[in-house]
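The values are calculated or read from the model by the stated rules, or taken from the named source; none is laboratory data. Every value quoted in this text rests on a predicted model; they were computed, and no experiment measured them. Every residue, glycine among them, receives a Cβ derived from its backbone with ideal geometry; neighbour counts consider all protein chains shown.
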Amino acid sequence: MRHSHPRQRLWRLSIVLSVLLLAGCARHRQSTLHASGAGAQRIEGLWWLLFWISMAVFAEVMLILGWALWRRRRATATIKGGDAIGAITVLGVAVPFVILVAAYGLGLRDLNALAAPREKPDVTVEVIGHQWWWEIHYPDRAGAVTANEMHIPVGQPVKVRLRTADVQHSFWVPQLMPKTDLIAGKVNETWLQTDRAGTYRAQCAEYCGKQHAFMALMVVAEPRPAFDAWVAATAQPATGTLTTAQQRGRQIFEQSSCASCHTIRGTSAVGEVGPDLTTIGSRWSIGAGAAPNDAGHLGGWIVNSQTIKPGNAMPPQPVAAQDLPDLLSYLQSLK
Amino acid sequence: MSVETEEQARPASRSEAVAALEKDWGERPSLRSWFSTVDHKRIGRRYMVTAGIFFILAGTDAMILRTQLARPNATVLSPEAYDQLFTMHGTAMIFLFSTPMFFGFGNFLVPLMIGARDMAFPRLNAFGYWVFAFAGTVMFSSQLVGRAPDGGWFGYVPLTDTPYSSGINLDVYSLGLLFLGVSTTAGAINFIVTVVKMRAPGMSLNRVPLFVWAIVGTSFMVIFALPALNVANAMLFLDRRFGAHFFDPAHGGNTLLWQHLFWIFGHPDVYIIVMPALGIVSAVLPAFCRRGVVAYPLMVLAIVTISIISFGVWVHHMFATGLPQLSYSFFSAASTLITIPSGIQIFAWLFTMLRGRIVVRTPFLFVVGFIVTFVLGGFTGVMFAITAFDQQVTDSYFVVAHFHYVLFGGAVFPMIAGIYYWLPKFTGKMYAEKLSRWAFWLVFIGFNTTFMPMHVSGLLGMPRRIYTYPGDLGWDLWNLISTIGAYVLAVGLLLVLIGVLQAIRRGRLAPDDPWGGDTLEWATTSPPRPYNFVTVPTVHSVHPMWDERTTAALATDPPLPDHQAMATSELDGREEGAIEMPEASLLPLVSALGILVVVLGLLWGWYWFAGAGALLIFGTVARWMWPPERTPEEAGVAS
């Protein structure tokens, strides 16, 4: 077939438009127009459909408006009669009603599709919102706890259980799935499913206070074996062999105020206020997207995180200058 | 009383009658009369000026926000400052600007349009203004001391509750809005009674101007919607100050209760804001299309339908909270359907233009700008009614774009059209056409440049209410464009302000009816005298000023004497007799001050002070309500 179907053409035009919308090359993506998940893909399609319907109706309105303005005549006396009730009933009631009912029907179809994945998920992730970070648990695997980073297997639905430790947050991975709120006193559920391995940035979508801007989460989708290996590694306590410097770093961690708020499984640090740091060395960022995870930023964060993410719960730490390199070396070894 | 004696009681000539009315109604300029006036036109102008000042303040907040967001990782504002600014921007634009501004229009215009001499309760009217002015001042003062509300304009718990928000910030919010609610409720009741009881003889319900219908619809929505907000804010205050646990799930409270209560108010409030604006469009168009708005019965039906359906759509603000799907499908259907009455109005205006003879003046341009922007906002509105789509884009910049198209496009464009259109009535002066056209194009282009890109940044995943963003997500360009647009928009709005000030200072004197308008306000002088009409007009059609029977009678009918207004029947507008109107008084101001004392006492925790304020209110209201001394004849008890 040489001539493409009008719908295909519209679809191509939509793709061109969405490429144009992406002006500026983004390193991470958080875009609803680059959907990779089953839920988000459906909504991306719905968006373009609604967009083109809107454009068609907009064109109709602009044509009438343009016609009225173009053919205007000289003002004289006032005009009586010509109430156009019939035309308005057709254009303003009947036609919109048909379009709206159709849109509503499609909406219901998609609402239903978003309600649950096709197959029953066999992986569950528990997400607990905190001001301003994400606590991630894998309840099927004791000890698998991390923060601000969630791994999921490719090609399988994942059940996500959502609750909050404080105020309301909203779980939103634009490329994978629309939002579900985290509500105090309530457990909500959603699910994720993608066929494409990759990283998908997510961000809290309900205003939750000062650092709502830096409450990001990275969703990493990987093949099932890699995912299983990651969960297993995450569940492991921090028992790797350490260099002398790293051993000193561990001591500093355990004996200073760090341990009263943070847990590193396998050590005497069992604080429960801040994120579990057992795998801090491998995470994509520190402070839930506030800074890259490298030695410089991590050191700055420990000494005074308030300059990086003002208002977060961690007070400035009086770590002696000579102790800091060892502490950093230890933390970076935790993978 | 015989006809003969009635004739004798009247002054001999029309000019004498006018002189007597001037004496009965005139307010000698003095400091006291400035505080004691009950003239609906002075009060209406005050509402507009005060709301205009709040608009400038809240708009300045927005400019600072946009400056912060122009580039990624900017540090113009601290997170605390950003949170206070965006909260005050939203709260003030919704509560302290939009509704009070339209109440100003309504106050000034409703009595004139229905041929009345004042509002039904002139003192309540003055009271409403003072309460509004005090409440707004209290709320903005908190910004001066860096203690402004910072929980977003819909103040979701638990963030706004203890222990997550300490300090006075959120008490300013809950008490300020409760305080303001007194004013809004009083105003709404006043509008309803005025329109129901004080229309000119002959103005049956099917001859009421569409703007007046819109104000009445709005007032009914206020009366039914506001209690939910008041209850929510009272609960929030009790939770925060006295440890009640309404919203605390650990003690059996429920955080979603706040969301339900807030949006049961909050969604009708969108229409409370937009409906008077739609009324302005219907009032402005006839003058520039040289014909009445077509399909009057459908327009009225649309207004009434919106007023009712708007109470059945609130859950579309909660589509991501995990409520049952069945309830979502119901609220989604209602939210989809509510666009139909708005569609009816849009097409009625389009056909009014098609079937009329268009005269392009600035008010008309703003109406055209309104149609373009409001229609676009309507499309995204339908999208938000569709639950699955809503869940993807709610709380992103897409929703910020949407509601600015609806609220700025839908409310501010008509508002500016109304300002230019009625400026002759408000001030007695004409605006300069050329400057106002510049203003239009800058506002129109600036508005679209600001808010169109927000659709894109929202679709690209940018959440709302973030004080900054990283540079690697593809949002930079769109935010920069938005900020540039915001500056253009600000210049346009500044030109509107300059145009108004220039007109007041040295504008051309306005004739009584510069546009050949169809409604009764154009029968008065520009600006109207304190008594509005010498003769109470008689109405024979929906366009009384285009009706010779009305205009002829205005010149020949006998004047209504004394400090009186005409009462008419509710449906048919049949004459029921004259009523004595109250004189100017300081009581409204003093009782509003009493409420201010109560609010400040509660705010600072000086409960004795609040008690003193309550006593002041009680005393003043008792004095206010005390029956006037009447002779037995007047009281009707003499035999």
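Which of (1) under 11 Å from the mean Cα position of the chain (by Cα); (2) more than 7 Å from chain B (Cβ to nearest Cβ) does residue A:195 not meet, given it meets every other one?
(1)
Filter region B:197-256 down to the residues that are of a type in the set (Phe, Trp, Tyr) and part of a helix (DSSP H, G or I), then identify the one that is surrounded by the fewest Cβ atoms within 10 Å (Cβ to Cβ). Before the answer, list the steps.
Pass one, region B:197-256, residues of a type in the set (Phe, Trp, Tyr): B:211, B:213, B:220, B:224, B:237, B:242, B:246-247.
Subsequent filtering for residues that are part of a helix (DSSP H, G or I) retains B:211, B:213, B:220, B:224, B:237, B:242.
On the way: B:211: 24, B:213: 23, B:220: 18, B:224: 17, B:237: 19, B:242: 7.
The selected residue is B:242.
Residues that are surrounded by fewer than 24 Cβ atoms within 10 Å (Cβ to Cβ) and either free of Cβ contacts under 8 Å to residues at least 12 places away in the same chain or in contact with a strand residue (DSSP E or B) (Cβ under 9 Å, 6 or more places away or on another chain) (or both): does region B:94-111 have at least one?
Keep residues of region B:94-111 that are surrounded by fewer than 24 Cβ atoms within 10 Å (Cβ to Cβ), which gives B:94.
Checking the rest, the ones that are also either free of Cβ contacts under 8 Å to residues at least 12 places away in the same chain or in contact with a strand residue (DSSP E or B) (Cβ under 9 Å, 6 or more places away or on another chain) (or both) come to none.
Looking through region B:94-111, none of the residues is surrounded by fewer than 24 Cβ atoms within 10 Å (Cβ to Cβ) and either free of Cβ contacts under 8 Å to residues at least 12 places away in the same chain or in contact with a strand residue (DSSP E or B) (Cβ under 9 Å, 6 or more places away or on another chain) (or both).
Looking for something more than 11 Å from every other protein chain (Cβ to nearest Cβ), surrounded by fewer than 22 Cβ atoms within 10 Å (Cβ to Cβ), touching a helix residue (DSSP H, G or I) at 6+ places or on another chain (Cβ under 9 Å) and over 23 Å from residue B:322 (Cβ atoms) - is there at least one such residue anywhere in region B:378-389? Break it down into steps so the answer makes sense when it comes.
First pass over region B:378-389, keeping only residues more than 11 Å from every other protein chain (Cβ to nearest Cβ): none.
For region B:378-389, residues more than 11 Å from every other protein chain (Cβ to nearest Cβ), surrounded by fewer than 22 Cβ atoms within 10 Å (Cβ to Cβ), touching a helix residue (DSSP H, G or I) at 6+ places or on another chain (Cβ under 9 Å) and over 23 Å from residue B:322 (Cβ atoms): absent.
When both residues are 6+ apart or on different chains and their Cβ atoms are under 7 Å apart, which pairs have a first residue that lies in region B:335-348 and is within 8 Å of chain A (Cβ to nearest Cβ) and more than 15 Å from residue B:372 (Cβ to Cβ), and a second that is of a type in the set (Ser, Thr, Tyr) and in a helix (DSSP H, G or I)?
Note: pairs meeting the criteria are B:336/A:104.
Run residue A:210 past the list (1) more than 19 Å from residue B:470 (Cβ to Cβ); (2) facing another protein chain (nearest Cβ under 10 Å); (3) touching a residue at least 12 places away in the same chain (Cβ under 8 Å); (4) out of contact with any Lys or Arg (no Cβ under 7 Å at 6 or more places or on another chain) and report the number of the one that doesn't hold.
Going through the list (1) more than 19 Å from residue B:470 (Cβ to Cβ); (2) facing another protein chain (nearest Cβ under 10 Å); (3) touching a residue at least 12 places away in the same chain (Cβ under 8 Å); (4) out of contact with any Lys or Arg (no Cβ under 7 Å at 6 or more places or on another chain), residue A:210 breaks only (1).
Among all residue pairs at least 6 apart or on different chains, which show Cβ distances below 7 Å where the first residue, located in region B:168-181, is free of Cβ contacts under 8 Å to residues at least 12 places away in the same chain and the second is part of a helix (DSSP H, G or I)?
none
Within region B:143-184, restricting attention to residues that are touching an Asp or Glu at 6+ places or on another chain (Cβ under 8 Å) and β-branched (Val, Ile, Thr), which residue is modelled with the highest pLDDT?
For region B:143-184, the residue satisfying everything is B:157.
Test each condition in (1) farther than 30 Å from residue A:227 by Cα; (2) within 9 Å of chain B (Cβ to nearest Cβ); (3) at pLDDT 95 or above for residue A:52 and report the one that comes out false.
Failing condition for residue A:52: (2).
Check off (1) assigned to a strand (DSSP E or B); (2) in contact with a Pro (Cβ under 9 Å, 6 or more places away or on another chain) for residue A:213 and give me the number that stays unchecked.
(1)
Report yes if residue A:205 is within 14 Å of another protein chain (Cβ to nearest Cβ), crowded, with 24+ Cβ neighbours inside 10 Å, without any contact (Cβ under 8 Å) to a residue 24 or more places away in the chain and in a loop (DSSP other than H, G, I, E, B), otherwise no.
Details: within 14 Å of another protein chain (Cβ to nearest Cβ): yes; crowded, with 24+ Cβ neighbours inside 10 Å: yes; without any contact (Cβ under 8 Å) to a residue 24 or more places away in the chain: no; in a loop (DSSP other than H, G, I, E, B): yes.
Spelling it out, it is not the case that residue A:205 is within 14 Å of another protein chain (Cβ to nearest Cβ), crowded, with 24+ Cβ neighbours inside 10 Å, without any contact (Cβ under 8 Å) to a residue 24 or more places away in the chain and in a loop (DSSP other than H, G, I, E, B).
Could you check region A:287-322 and list, in sequence order, the residues that are in contact with a Gly (Cβ under 8 Å, 6 or more places away or on another chain) and either of a type in the set (A, V, I, L, M, F, W, C) or within 17 Å of residue A:257 (Cβ to Cβ) (or both)?
Passing the criteria: A:291, A:301, A:305, A:308, A:312, A:313, A:314.
Suppose we filter region A:286-312 for residues that are surrounded by 14 or more Cβ atoms within 10 Å (Cβ to Cβ), under 27 Å from residue B:164 (Cα atoms) and within 14 Å of another protein chain (Cβ to nearest Cβ); how many remain?
Qualifying residue count, region A:286-312: 12.
Taking residue B:514 as the residue in question, decide whether it is within 14 Å of chain A (Cβ to nearest Cβ) and surrounded by fewer than 20 Cβ atoms within 10 Å (Cβ to Cβ).
Taking the combined requirement at face value, the residue satisfies it.
Looking at (1) at the interface with chain B (Cβ under 8 Å from one of its Cβ atoms); (2) touching a Cys at 6+ places or on another chain (Cβ under 7 Å), which is the only condition residue A:88 fails?
(2)
Within region B:303-322, work out how many residues are among the aliphatic types (A, V, I, L, M) and facing another protein chain (nearest Cβ under 10 Å). Break it down stepwise before answering.
Within region B:303-322, the subset among the aliphatic types (A, V, I, L, M) is B:303-304, B:306, B:308-309, B:313, B:315, B:318, B:320.
From what's left, facing another protein chain (nearest Cβ under 10 Å): B:318, B:320.
Of the residues in region B:303-322, 2 are among the aliphatic types (A, V, I, L, M) and facing another protein chain (nearest Cβ under 10 Å).
Name the single residue, out of those in region B:279-302 being more than 12 Å from chain A (Cβ to nearest Cβ) and buried (at least 23 other Cβ atoms within 10 Å of the Cβ), that is nearest to residue B:358 (Cα to Cα). Lay out the reasoning, then the answer.
First, the residues of region B:279-302 that are more than 12 Å from chain A (Cβ to nearest Cβ): B:279-284, B:300.
In the following step, the residues that additionally are buried (at least 23 other Cβ atoms within 10 Å of the Cβ) were identified as B:279-284.
Values: B:279: 19, B:280: 17, B:281: 14, B:282: 14, B:283: 15, B:284: 12 Å.
Taking the candidates together, the pick is B:284.
Residue by residue, here is whether (1) closer than 25 Å to residue B:291 by Cβ; (2) over 27 Å from the mean Cα position of the chain (by Cα) holds:
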| position | (1), (2) |
| --- | --- |
| B:525 | no, no |
| B:529 | no, no |
| B:546 | yes, yes |
| B:558 | no, yes |
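Among (1) of a type in the set (A, V, I, L, M); (2) in contact with a helix residue (DSSP H, G or I) (Cβ under 8 Å, 6 or more places away or on another chain); (3) part of a helix (DSSP H, G or I); (4) modelled with pLDDT under 95, where does residue B:302 come up short?
Single failed check for residue B:302: (4).
It is to be established whether one or more residues within region A:171-182 are assigned to a loop (DSSP other than H, G, I, E, B), more than 10 Å from every other protein chain (Cβ to nearest Cβ), surrounded by fewer than 17 Cβ atoms within 10 Å (Cβ to Cβ) and not small (Gly, Ala, Ser).
Quick first cut of region A:171-182, residues assigned to a loop (DSSP other than H, G, I, E, B) only: A:174-176.
Subsequent filtering for residues that are more than 10 Å from every other protein chain (Cβ to nearest Cβ) retains A:176.
Within this subset, residues satisfying the condition of being surrounded by fewer than 17 Cβ atoms within 10 Å (Cβ to Cβ) are none.
Taking every residue of region A:171-182 in turn, none turns out to be assigned to a loop (DSSP other than H, G, I, E, B), more than 10 Å from every other protein chain (Cβ to nearest Cβ), surrounded by fewer than 17 Cβ atoms within 10 Å (Cβ to Cβ) and not small (Gly, Ala, Ser).
Counting only residues that are β-branched (Val, Ile, Thr) and in contact with a Lys or Arg (Cβ under 8 Å, 6 or more places away or on another chain), how many does region B:162-203 have?
Restricting attention to region B:162-203, the residues satisfying the condition of being β-branched (Val, Ile, Thr) are B:162, B:168, B:172, B:182, B:184-185, B:189, B:192-196.
Still in the running and in contact with a Lys or Arg (Cβ under 8 Å, 6 or more places away or on another chain): B:162, B:168, B:172.
Qualifying residue count, region B:162-203: 3.
Might you check whether a residue that is more than 7 Å from chain B (Cβ to nearest Cβ), in contact with a strand residue (DSSP E or B) (Cβ under 6 Å, 6 or more places away or on another chain), over 21 Å from residue A:47 (Cα atoms) and in contact (Cβ under 8 Å) with a residue 40 or more places away in the chain occurs anywhere in region A:107-118? Walk me through how you get there before you give the answer.
Within region A:107-118, the first condition is being more than 7 Å from chain B (Cβ to nearest Cβ), and the residues that meet it are A:109, A:112-113, A:116-118.
Within this subset, residues satisfying the condition of being in contact with a strand residue (DSSP E or B) (Cβ under 6 Å, 6 or more places away or on another chain) are A:117.
Okay, now just the ones that are also over 21 Å from residue A:47 (Cα atoms), so none.
No, region A:107-118 has no match at all.
Which condition breaks for residue A:227 when tested against (1) out of contact with any strand residue (DSSP E or B) (no Cβ under 6 Å at 6 or more places or on another chain); (2) of a type in the set (Phe, Trp, Tyr); (3) under 30 Å from residue A:122 (Cα atoms)?
(1)
So, of the residues in region B:459-479 that are within 7 Å of chain A (Cβ to nearest Cβ) and farther than 13 Å from residue B:73 by Cα, which turns out to be surrounded by the fewest Cβ atoms within 10 Å (Cβ to Cβ)?
Applying the filter and picking the extreme gives B:477.
Of all residues in region B:124-164 being free of Cβ contacts under 8 Å to residues at least 24 places away in the same chain and in a loop (DSSP other than H, G, I, E, B), which is farthest from residue B:260 (Cα to Cα)? Quick ask: steps written out before the conclusion?
First, pick out the residues of region B:124-164 that are free of Cβ contacts under 8 Å to residues at least 24 places away in the same chain: B:137, B:141, B:144-145, B:159, B:163-164.
Still in the running and in a loop (DSSP other than H, G, I, E, B): B:145, B:159, B:163-164.
Working: B:145: 32, B:159: 16, B:163: 22, B:164: 21 Å.
Step by step, filter region B:124-164, then rank; the result is B:145.
For residue B:419, state whether it is part of a helix (DSSP H, G or I), at pLDDT 95 or above, away from every other protein chain (no Cβ under 14 Å) and buried (at least 24 other Cβ atoms within 10 Å of the Cβ). Give the steps one after another, and end with the answer.
Values: part of a helix (DSSP H, G or I): yes; at pLDDT 95 or above: yes; away from every other protein chain (no Cβ under 14 Å): yes; buried (at least 24 other Cβ atoms within 10 Å of the Cβ): yes.
Answer is yes for this residue.
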